[in-house]
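The values are calculated or read from the model by the stated rules, or taken from the named source; none is laboratory data. None of these values were measured; they are calculated from a predicted model. A quick note on method: Cβ atoms are made from the backbone with ideal geometry, for glycine too, and the neighbour counts reach across all protein chains shown.
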Protein chains: 2
Amino acid sequence: MDTVSSSKQLPQPDRDEIRIDAVLQALGEPVRLLIVRTLADVPGGIACGELDLPVTASTRAHHLRTLREAGVLTTHTDGTRRISALRRDDLDALYPGLIDGVLAAKR
Amino acid sequence: MDTVSSSKQLPQPDRDEIRIDAVLQALGEPVRLLIVRTLADVPGGIACGELDLPVTASTRAHHLRTLREAGVLTTHTDGTRRISALRRDDLDALYPGLIDGVLAAKR
DNA sequence: GTCGAAGTTCGATAGGCGTCGTACTATGGA
DNA sequence: TCCATAGTACGACGCCTATCGAACTTCGAC
């Protein structure tokens, strides 16, 4: 048993471990880009199931893992749900303007 | 015969045809990212052969084509040489901050 | 305890693509 | 005209990965 029962943070790279190659490769996939743009509108994060994506649950889990391991988003548990949120502060600090530029895209 | 003999522009998408998906996918490859970061230091552009890359000439041509078709760089001929340059103005207009953010990356 | 819901993990599959060597084109110089 | 140089085009190969279904885990509710 543990004093901290709920809301555990899933493993993710520290800010200084984030690599630009991994971030860009993660963003360079349509479904993952859609996830990022969706999360950008919900600063508090969102549960996986809330995402409206044209793929199955297992594929969605795969993409969320890829984004998390690249350092693009953070995930913590809330019961059986997993809440994911953009790591805007870290990304803005490392690559100022990058996320803003991506989000500015209309097409 | 042609009035304009040298310096032809190779086909590339217009600014309004550039898609964020294609740009990010193009940037999400180590060799191509290296090309972009190199070109960022040479506003006037650079010949393919001048690039110091860990791949053969044919692979380099492939990457340059990918970047050009994505709208990341422009290429014009100069004799047998092909001079490539970053399309900073277009990219900055479409995705303000994106290129700056990428170039800000130390790692 | 039992059940259902939310997500992950595993294995398999298929398509995409980064890589190379070779052949080819084109331009400029001797 | 002939040749060397710069670069592209093509075909093949192998790896990477996006995708899925099915089995598994975890948590909350009853």
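Among residues belonging to region A:34-56 that are more than 14 Å from DNA strand C (Cβ to nearest atom) and among the hydrophobic types (A, V, I, L, M, F, W, C), point out the one that is nearest to A:K106 (Cα to Cα).
A:L34
Just to be sure before I move on: is A:G79 closer than 28 Å to B:D16 by Cβ and more than 14 Å from the chain's Cα centre (by Cα) in the structure I sent?
So A:G79 fails the test.
What are the pairs with Cβ atoms under 8 angstrom where one residue, in region B:36-50, is free of Cβ contacts under 8 Å to residues at least 24 places away in the same chain and the other, located anywhere, is within 16 Å of DNA strand D (Cβ to nearest atom) and part of a strand (DSSP E or B)? Sequence gap at least six, or different chains.
Correct list of pairs: B:T38/B:I46.
For region A:43-99, which residues satisfy the criterion of being modelled with pLDDT of 95 or more, in a loop (DSSP other than H, G, I, E, B), surrounded by fewer than 17 Cβ atoms within 10 Å (Cβ to Cβ) and more than 11 Å from DNA strand D (Cβ to nearest atom)?
Result: A:P96, single match.
Quick check on region B:10-24. Is at least one of its residues in a helix (DSSP H, G or I) and either within 11 Å of DNA strand D (Cβ to nearest atom) or touching a strand residue (DSSP E or B) at 6+ places or on another chain (Cβ under 8 Å) (or both)?
The initial filter retains those residues of region B:10-24 that are in a helix (DSSP H, G or I), namely B:15-17, B:20-24.
Then drop every residue that is not either within 11 Å of DNA strand D (Cβ to nearest atom) or touching a strand residue (DSSP E or B) at 6+ places or on another chain (Cβ under 8 Å) (or both), which leaves none.
No; the residues of region B:10-24 include none that is in a helix (DSSP H, G or I) and either within 11 Å of DNA strand D (Cβ to nearest atom) or touching a strand residue (DSSP E or B) at 6+ places or on another chain (Cβ under 8 Å) (or both).
Out of the residues in region A:75-97 that are facing another protein chain (nearest Cβ under 9 Å) and in contact (Cβ under 8 Å) with a residue 24 or more places away in the chain, state the one that is nearest to A:C48 (Cα to Cα).
Residue satisfying both the conditions and the ranking: A:L91.
So B:L39 passes all but one of these: (1) touching a Gly at 6+ places or on another chain (Cβ under 8 Å); (2) within 14 Å of chain A (Cβ to nearest Cβ). Which condition number does it fail?
(2)
Can you tell me how many residues in region A:69-83 are in contact with a Leu (Cβ under 8 Å, 6 or more places away or on another chain) and near DNA strand C (Cβ under 8 Å from one of its atoms)?
So the count comes out to 2.
For B:T59, only one of the following conditions fails: (1) within 14 Å of the chain's Cα centre (by Cα); (2) within 13 Å of DNA strand C (Cβ to nearest atom); (3) within 22 Å of A:Q25 (Cβ to Cβ). What is its number?
Evaluating B:T59 over (1) within 14 Å of the chain's Cα centre (by Cα); (2) within 13 Å of DNA strand C (Cβ to nearest atom); (3) within 22 Å of A:Q25 (Cβ to Cβ) leaves (1) as the failure.
For region A:21-33, name all the residues that are free of Cβ contacts under 8 Å to residues at least 60 places away in the same chain and within 10 Å of chain B (Cβ to nearest Cβ).
Result: A:D21, A:A22, A:L24, A:Q25, A:A26, A:G28, A:E29, A:P30, A:R32.
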